[in-house]
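Colleague: One structure is given below, represented as structure tokens, and several questions about it will come after.
The values are calculated or read from the model by the stated rules, or taken from the named source; none is laboratory data. What you see is a predicted model; the values in this text were computed from it and never measured. We place every Cβ from the backbone using ideal geometry, glycine too, and count neighbours over all the protein chains shown.
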């Protein structure tokens, strides 16, 4: 055993018992180290020391420690885990013996941050601090659940989340040896009832396993499967939050497969249970469920390949290489698109992956076989949009998120129509078609392009040809060029007239026809037929005459 207690060693982050300069025992807490030492050196009195570990401390910790100098306060949960993994967290959870709300209010006042009480009965409050760069950091304060810090930790989900960091002593308190499990990349439940006590932990376990490449202990997996039927007892918001963290994190396809295997879908995403085993005709090579997972996998790979800083040398996949060559110039644009939030707490990326998860949800209900034996799914996109929207509302998503998801699901087949026509007939979409595509999709048009590519790869897998992929990339580039580089020509032409102008110039009265006429003028601009105000008025007169003749 090393003699120097300050030397880097396997004891870093542990409490040790030292006798005459030699370490004789260790533990996750001072009590554990002392007890271990007494087992072998019961006649001697050891010195109990903490062996520090170099970790990146969240910058706010020192401020909070100084604001609460006489308080027994510990950082707990995921923030401590992230510290030990050399990551910084934006979610900091603190526990105190008591007066958590009062302490949170004091911190909020000092930091000039937002403050809200989460649960008055359980003495829990939140401070939301906005950094200089606009980043929001969430500080949750809660009183112990139980009569001691250790009892509080034992009531948590997994051992690697049951490590506490003492702000005053700058030392870890790890009674369940969570740091050891963290080093072993093992997810182990804090108690036999951890999963049943709070079933949303099933989703959290799957998310952590995907995010950090952890293995779930067999006993924990069994407990997860047994607790799945209890998920309906959890609020929709808590289930939504964990699900969306899975969707915006790494390996969403693997995570969703794990949830399905664990029997979670009937109690979380019941519509998806029917996808398994639903066969499809060529060019699909998978059933609907496997195709959905494949599309999710390829969507993640496409977004990764189009991120800022990605190098084409990072892949030996021909299709990814072609993707980066054709669309790589839009990296900054993609970054800005996904930096926009439809909701302050959830990302555009997560909404896109939710839509991808539900894009074929109505295929089981719409499946039919024609006279030639070909499988068809008529209206699965329209009906799927309604189904996805219902589930999104069940999760209490914002109206903007619901609208985005609904648009993606409803229109996801349009990209394929463009690509198929280009490949088979050599016909690119007209300016009118491009205009209508973005008129109907708006900002979601970017999501539709990216998902269209992922959907194609997810449908054909290894049978995808370079010719088909090239046609799809040409469509993607054409649509994105128009959206980002020529918006005033084909996507959003400048308004030449408003409703009042039309009523004045053409002696019209207010009504539905005014809106139809304005849209007709806008579409004519997008197709290059008109470019000036007088041309718009002339076009409007002709349009009205044609309408009147048609009505006769």
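Colleague: Of all residues being in contact (Cβ under 8 Å) with a residue 60 or more places away in the chain and over 29 Å from the mean Cα position of the chain (by Cα) in segment 56-67, which is nearest to residue 109 (Cα to Cα)? Just the residue, please.
Modeller: Per the stated criteria, the residue is 64.
Colleague: Scan segment 421-436 residue by residue and report those that are surrounded by 15 or more Cβ atoms within 10 Å (Cβ to Cβ) and outside any loop (DSSP other than H, G, I, E, B).
Modeller: Scanning segment 421-436 gives 421, 422, 423, 431, 432, 433, 434, 435, 436.
Colleague: Check every one of the helices (runs of 4 or more DSSP H) wholly within segment 330-376 and list those with 3 or more residues that are assigned by TED's automatic domain parsing to the domain that holds residue 285, within 16 Å of the chain's Cα centre (by Cα) and at pLDDT 95 or above.
Modeller: 331-339, 348-358
Colleague: Checking residue 169 against (1) free of Cβ contacts under 8 Å to residues at least 24 places away in the same chain; (2) closer than 15 Å to residue 14 by Cβ: exactly one of these is not met. Which one?
Modeller: (1)
Colleague: How many residues are closer than 19 Å to residue 73 by Cα and part of a loop (DSSP other than H, G, I, E, B) when one looks only at segment 130-143?
Modeller: 0
Colleague: Is it the case, given these coordinates, that residue 395 is touching a residue at least 12 places away in the same chain (Cβ under 8 Å), more than 23 Å from the chain's Cα centre (by Cα) and crowded, with 18+ Cβ neighbours inside 10 Å?
Modeller: Considered against the rule, which asks whether it is touching a residue at least 12 places away in the same chain (Cβ under 8 Å), more than 23 Å from the chain's Cα centre (by Cα) and crowded, with 18+ Cβ neighbours inside 10 Å, residue 395 comes out as no.
Colleague: Taking segment 512-522 on its own, how many of its residues are modelled with pLDDT of 90 or more and more than 15 Å from residue 498 (Cβ to Cβ)?
Modeller: 0
Colleague: Is it fair to say residue 401 is touching a residue at least 12 places away in the same chain (Cβ under 8 Å), under 31 Å from the mean Cα position of the chain (by Cα) and buried (at least 18 other Cβ atoms within 10 Å of the Cβ)?
Modeller: Criteria met by residue 401.
Colleague: Name the helices (runs of 4 or more DSSP H) wholly within segment 437-521 that hold at least 3 residues that are surrounded by 15 or more Cβ atoms within 10 Å (Cβ to Cβ) and not assigned by TED's automatic domain parsing to the domain that holds residue 540?
Modeller: Qualifying helices (runs of 4 or more DSSP H): 444-460, 466-485.
Colleague: Still on this model: Going through segment 86-108 one residue at a time, which ones are crowded, with 16+ Cβ neighbours inside 10 Å and modelled with pLDDT under 90?
Modeller: Passing the criteria: only 89.
Colleague: Might you let me know whether segment 145-160 holds any residue that is in contact with a helix residue (DSSP H, G or I) (Cβ under 6 Å, 6 or more places away or on another chain) and assigned to a helix (DSSP H, G or I)?
Modeller: yes
Colleague: Out of the strands (runs of 3 or more DSSP E) lying entirely within segment 18-129, which hold 2 or more residues that are outside the structural domain of residue 159 (by TED's automatic domain parsing)?
Modeller: 22-27, 47-50
Colleague: State whether the residues of segment 223-236 include one that is over 16 Å from residue 351 (Cα atoms), outside any helix (DSSP H, G or I) and free of Cβ contacts under 8 Å to residues at least 60 places away in the same chain.
Modeller: Yes, there is a match, as at least one residue in segment 223-236 is over 16 Å from residue 351 (Cα atoms), outside any helix (DSSP H, G or I) and free of Cβ contacts under 8 Å to residues at least 60 places away in the same chain.
Colleague: Let me ask something else. When you check residue 184 against the structure, is it surrounded by fewer than 17 Cβ atoms within 10 Å (Cβ to Cβ) and over 26 Å from residue 107 (Cα atoms), yes or no?
Modeller: Yes; evaluated as a whole, the condition is true for this residue.
Colleague: Among the residues of segment 407-417, is there at least one that is assigned by TED's automatic domain parsing to the domain that holds residue 473, within 17 Å of residue 470 (Cα to Cα) and touching a residue at least 60 places away in the same chain (Cβ under 8 Å)?
Modeller: Yes, segment 407-417 has at least one match.
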